[in-house]
Amino acid sequence: MKTIPPEEEITALVGHEFPGGDYTIEHWENFLLTGCTGADPLPDGIAHPVALFHVPLYGANTSIGDMFKLGQAESDLSVIPEYYDWEIFSTLREAVKYRVTGKIIAAERRENSHGQTYDWLLFQFDMVEPGGKLAVRTSMAQQFTRNTL
Amino acid sequence: MTVPVESYQVGDCIPPWEMKSVSAEKMRTMAAILRDPNPLHWDRDAVAALPVVDTLPFKLGRRTINQGPLGLSYIINMMHDWMGPECVKRFYITFPQVVLDEDCVVARGTITALRKEGNRQLADCDVWLEHAERGVLLQGRATVQLSV
């Protein structure tokens, strides 16, 4: 049995802010990424929305590994994505420098229907385009399982 | 192109989008772009060694697990083919089951509501990714602009 982190260490994560930063989607990156989805490149420098998984993370100067560490993940395998929620206010484009911020907006200890404990973290990232308009808001809920996987 | 909202009805199906065979090679490229070190996306032996495989209702075997963003991208492709590359305004997705390399999966969706927001004509949709034997692998909701 692995030691479960104290609940107060998990709930104290609410309000944690990532360093933040800028991210520009390069053409090569969008080309390869779009190809991975099985689609043809999109016209007019439009970036495929699939980029909304990694661009907010790396733009905010964090990473999958950093997020797992924050939640005191037992292993890479122990974290289950619960949902992603992407609000797209402006079309995502290549060669645009987005200002990215990110934070943890909820952190709770929960129990699943089998009585197994897990910690539930909700991350939120904002991407702001030059000029200051909010282009995209992404939310990502992750379950940090404990002694389950 | 302006599409009159009256042309669509609640219950209408979005034309499906098929990925005939999920590619392990594309997962590897994706892992590099995402800088995701998890070997389950690029090492079949690591998947075969998973301690949890016996608890799943099917055999994973030596098949890598598709990244969540790749699975959901098939649903986005369906919406792009339907209403253009700028049509997705909101996208919520859950991950009830894994997608594996060599899976044949089909993205599907139906309109659940039609509404106007300013001068935009929007369709709220249920969307999902399904496998012929394993059923729904990903499931969620999307808001699509009908006229872009």
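Below is a table of values for the structure above.
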quantity	calculated
Amide H contacts under 5 Å for residue A:92, placed H, 5+ residues apart	A:47
Qualifying trypsin sites (Lys or Arg not before Pro) in region A:104-147, DSSP loop, other Cβ atoms within 10 Å at most 12	A:133
Angle in degrees between helix B:24-34 and the longest Cα principal axis of chain B, rounded to the nearest 10	80 degrees
In degrees, nearest ten, helix A:27-37 long axis to first principal axis of chain A (Cα)	60 degrees
Per-residue ³J(HN,Hα) for region A:62-75, Karplus 6.51 cos²θ - 1.76 cosθ + 1.60, θ = phi - 60°, Hz, x for Gly and Pro	10, 7, 4, x, 5, 5, 5, 5, 4, x, 6, 4, 5, 6
Fluctuation leader among A:40, A:66, A:119 - chain A, Gaussian network, Cα springs under 10 angstrom	A:40
Average partner coverage of B:34-42, which counts Cβ from other chains inside 10 Å	4
HN-Hα J in Hz across region A:130-135 - Karplus 6.51, -1.76, 1.60, θ = phi - 60°, x for Gly and Pro	x, x, x, 7, 5, 8
27 Å Cα cut-off, lysine pairs counted over chain A (separation 8 or more, or different chains)	4
Sparse-neighbourhood loop sites, GluC sites (Glu not before Pro) in region B:22-125 - DSSP loop, at most 14 other Cβ within 10 angstrom	B:102
Theoretical FRET efficiency, 1/(1+(r/R0)^6), r = Cβ-Cβ of residue A:3 and residue A:61, R0 30 Å, to 0.05	0.55
Within a Gaussian network of chain B (alpha carbon springs, distance under 10 Å), most fluctuating of B:76, B:33, B:14	B:33
Reachable aspartates and glutamates, given that their alpha-carbon falls under 13 Å from the alpha-carbon of residue B:59 and they are not under 8 places away in the same chain	B:101, B:103, B:133
Tilt relative to chain B, helix B:68-83 - C-alpha long axis, 0 to 90 degrees, to 10	30 degrees
Isotropically averaged projected area of the protein assembly as shown, using the convex hull of Cα atoms (one quarter of hull area), nm²	15.7 nm²
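Each reported figure results from applying straightforward, stated rules to the coordinates on display, with no laboratory input. The structure displayed is predicted, hence computed values, not measured ones. When we count neighbours, we look across all protein chains shown, and the Cβ atoms used for this are built from the backbone with ideal geometry, even at glycine.
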